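Working notes, beginning with the structure itself.
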Amino acid sequence: MSLILQIETATTSCSVALARYGEVLDFKEINARNIHAEVITLYIDELLNNSGIQYSDIDAIAVSSGPGSYTGLRIGVSTAKGLCFALDKPLIAIETLEAMAFGVINNPGFFEDSNTLLCPMIDARRMEVYTALFDSEGIRVRETAADIIDENSFADYLKDKKIIFFGDGAEKCKSVLSHNPNARFLDDFVNSATYLTQKAAQKFADGAFEDVAYYEPYYLKDFIAGKKAL
């Protein structure tokens, strides 16, 4: 059996989901900045109550591990680890960009064809995004990186393939990439804990769990605190 509580807080989306045997039972989410700490535990309580499921029934906790918002990742991972300690359940970590790619692959309204590459983008600073490339089966073809996007970005890939750009970092890149006829943009993509489902079920079956005591989010870059304006 695999009843998994899934948590996504790496982006502006604060989302929780319950999945059994790789199928989503229910989810609750909101797409808003700086609200994650306020609602994450409330959403989990509501989700379990609405589903008639006890905390003790959960077999594992899966969390979106980053890269993404430093604060969001801290909130999500801290919540997941706290539940794992309290319930004595295993922790599963899914890279955020990979989960986003599976969200597109498994949504017929988003995906085009097998010759299309997927480019999830998470907003960083200015024209910088956290990004990677995946093929139509979710296999990584370009490693995760923090990239500054300009008109030449992804040029080698766009010669021969269409690329779907999506995520909260894609909108700011549209002006410099949309000149290429092979570039596509998903304007209505919102990240979700439901996108963790496929990889979480696979990792549970494989016993690919994290060390709860020592696990840290995948920040990719060091956190730099801004100075408060005087």
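The values are calculated or read from the model by the stated rules, or taken from the named source; none is laboratory data. None of the values given here were measured: they were computed from a predicted structure. Here the Cβ positions follow ideal geometry from the backbone for every residue, glycine too, while neighbour counts run over all protein chains shown.
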Can you name the condition, by its number, that M1 falls short on among (1) in a helix (DSSP H, G or I); (2) at pLDDT below 95?
-> (1)
Output the strands (runs of 3 or more DSSP E) that fall wholly within the stretch 12-66 and possess 3 or more residues being charged (D, E, K, R) and within 14 Å of A193 (Cβ to Cβ), or say none.
-> 23-31
Would you point out the residue of the stretch 23-49, among those that are farther than 19 Å from I75 by Cβ and either modelled with pLDDT under 95 or among the acidic types (D, E) (or both), that is surrounded by the fewest Cβ atoms within 10 Å (Cβ to Cβ)?
-> E23
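Would you point out the residue of the stretch 76-98, among those that are of a type in the set (A, V, I, L, M, F, W, C) and within 16 Å of Y219 (Cα to Cα), that is nearest to the chain's Cα centre (by Cα)?
Filtering the stretch 76-98 for residues of a type in the set (A, V, I, L, M, F, W, C) gives 77, 80, 83-87, 91-94, 97.
In the following step, the residues that additionally are within 16 Å of Y219 (Cα to Cα) were identified as 77, 93-94, 97.
On the way: V77: 13, A93: 10, I94: 8, L97: 5 Å.
The extreme case among them is L97.
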From A183, A208, grab the single residue that is modelled with pLDDT of 95 or more and surrounded by 16 or more Cβ atoms within 10 Å (Cβ to Cβ).
-> A183
Name the residue, out of T79, T71, that is surrounded by 15 or more Cβ atoms within 10 Å (Cβ to Cβ) and assigned to a helix (DSSP H, G or I).
-> T79
